[in-house]
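A short write-up of the structure that comes next.
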Amino acid sequence: MLIQYVLIFVAGWLLTVFLRNHGTTRASAGAKICFLGFVVFSVFAVLRPGDISALANALGVGRGTDLLVYAIAAGFAFMSLHTYLRFKELQLRQAQLARAVALRDAREPQTPGDSVVDAEVP
Amino acid sequence: MYDDTWLIVPVYNEEPVIEQVIRETLESFPNIVCVDDGSRDASAERVARTGAHLVRHPINLGQGAALQTGIEYARSRPGARYFVTFDADGQHQVADVRRMLGRLREGSADMVVGTRFRSSARHIPRSKRLLLRTVVALSPRLRKLRLTDAHNGLRVFGRTVADTMHITCNGMGHASEIVAMAAKNGWAIVEEPVTILYTEYSMAKGQSLMNGVNILFENLVAGARR
């Protein structure tokens, strides 16, 4: 069915856009708008299940429940990726902080080239 | 003779071997900086007994982060012109480093990396050989740069490379990251066949096959983001 190709294409396109722009103001605003849309869609689905089914039929994805499942799966995938990238960023900052501390407290050998037997490590 | 050369040695839980490795290496290379990556054992104390410089991460960050710290320390030292990344577990040979430095000083390359695959690969354990070959096969960059061994920890480079080096993959993905940096900055990389001593100790500590999956994923995401 056509909708399947459309869904896969859109998912791939969103992923690329998301990966390239992660961390920018635009991307974070986009994510918020998507989330808001998702909430509205969910409320609508609860209040008017019939309409969702009709929409699903029009798109060619069977029942309204299936459409909702697609939306949730996509949301979850993006959430996971977002968390992963966020962790990476935090890790990098943590590394920079730890590096600054390490370099500040660097120890030179007391007599360069010679062994220092009784050295104490702080 | 090697006053302008700095060896960067990331150290993580290497207490049984580190002191001997550093002492032996110091006989040839007077400038060594050990980056203790938050070891839980007495590695740092062992390093402090030798004549090596010691930089300690307050927490464990990973080998890539340790290398970056070591490079930043070494490049801030007066007179540092050549840099070598060297493993702490005794699997790298000083003779190989000398040869690689010789090639770098000829000036035909910006970076010389060790390879286990130019000569006979017989001494490499089979599972490891498979992992390393897969990484090369899946990386178009490595093939373009004609590199046969992506994850060899033995590298020699000069000032320009050290000054631009900025490793962000804290873990084991840094090897591919360095290759990506080379491709981006147009560094000329050549390979030098080296011998890796696979002792029982280094085998137990070495990268497992499953870690290859982690590396591939990390590089995939990083590749998509560039």
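For the residues of B:69-78, the average number of beta carbons from a partner chain within 10 Å of their own beta carbon is 2. Considering Cα pairs under 8 angstrom that are at least six residues apart, work out the relative contact order of segment A:2-104 and quote it in whole percent. Computed value for segment A:2-104: 21 percent relative contact order.
For B:ARG103 and B:ARG40, the FRET efficiency from 1/(1 + (r/R0)^6), where r spans their Cβ atoms and R0 equals 35 Å, is about 0.40.
Across peptide A:88-96, the mean count of Cβ atoms from other chains lying within 10 Å of each residue's own Cβ comes to 5.
Our Cα-only numbers for the protein assembly as shown put the radius of gyration and Dmax at 24.9, 83 Å. With the convex hull drawn over the C-alpha atoms of segment A:22-94, the volume per residue is 89 Å³. The length gained on full extension between A:THR16 and A:THR83, counted as 0.36 nm times the residue separation minus their Cα-Cα distance, comes to 22.5 nm.
Would you please classify the overall shape of segment B:4-90 from the alpha carbon gyration tensor, given that a ≥ b ≥ c denote the square roots of the eigenvalues, rounded means a/c under 1.5, and beyond that prolate means a/b larger than b/c while oblate covers the rest? Oblate is the answer for segment B:4-90, as a/c is 1.5 or above yet b/c matches or exceeds a/b.
Quick check: pseudo-label points 7 Å beyond the Cα along Cα→Cβ at B:LEU216 and B:ASN185, how many nm apart are they? It is 2.9 nm. Going by neighbour counts of Cβ atoms within 10 Å, the residues B:PHE83, B:PHE117, A:PHE38, A:PHE9 line up, fewest first, as A:PHE9, A:PHE38, B:PHE117, B:PHE83.
Counting Cβ atoms of other protein chains within 10 Å of each Cβ in B:54-60 and taking the mean gives 6.
The slack between A:THR65 and A:GLN94, meaning 0.36 nm per residue of separation minus the straight C-alpha distance, is 6.2 nm. Here the 3J(HN,Hα) profile of segment B:9-20, calculated from phi with Karplus coefficients 6.51, -1.76 and 1.60 at θ = phi - 60°, is 10, x, 10, 9, 6, 10, 3, x, 10, 4, 4, 5 Hz, Gly and Pro shown as x. Based on alpha-carbon atoms, the Kirkwood radius and the radius of gyration of chain A give Rg/Rh equal to 1.36. Converting phi to 3J(HN,Hα) with the Karplus coefficients 6.51, -1.76 and 1.60 and the offset θ = phi - 60°, segment B:26-33 yields 4, 4, 9, 10, x, 9, 10, 10 Hz in sequence order, with x at every glycine or proline.
Distance from the alpha carbon centroid of segment A:28-48 to that of segment B:88-114 works out to 58 angstrom. Between A:ARG104 and B:ARG129, the modelled label-to-label distance comes to 5.0 nm, taking each label 7 Å out from Cα in the direction of the beta carbon. Using Cβ point charges alone (K and R +1, D and E -1), the dipole size of chain A about the Cα centre works out to roughly 620 debye. Membrane-span-like helices of chain A, defined as complete DSSP H segments with a Cα extent of 18 Å or more along the helix axis and a mean Kyte hydropathy of at least -0.5, are identified as A:2-21, A:25-47, A:64-104.
With R₀ fixed at 51 Å, the C-beta to C-beta distance from B:ARG81 to A:GLN4 puts the FRET efficiency at about 0.30. For B:TRP6, B:TRP187, the sequence from fewest to most other C-beta atoms within 10 Å is B:TRP187, B:TRP6. In the protein assembly as shown, the DSSP beta bridges split such that about 30 percent are antiparallel, to the nearest 5.
Distance between the pseudo-spin-label points of B:THR195 and A:SER42 (7 Å out from Cα toward the beta carbon): 6.4 nm.
Where a number appears in this text, it was derived from the coordinates with a stated rule and is not lab data. Every value quoted in this text rests on a predicted model; they were computed, and no experiment measured them. Positions of Cβ are backbone-derived with ideal geometry, glycine not excepted, and every protein chain shown enters the neighbour counts.
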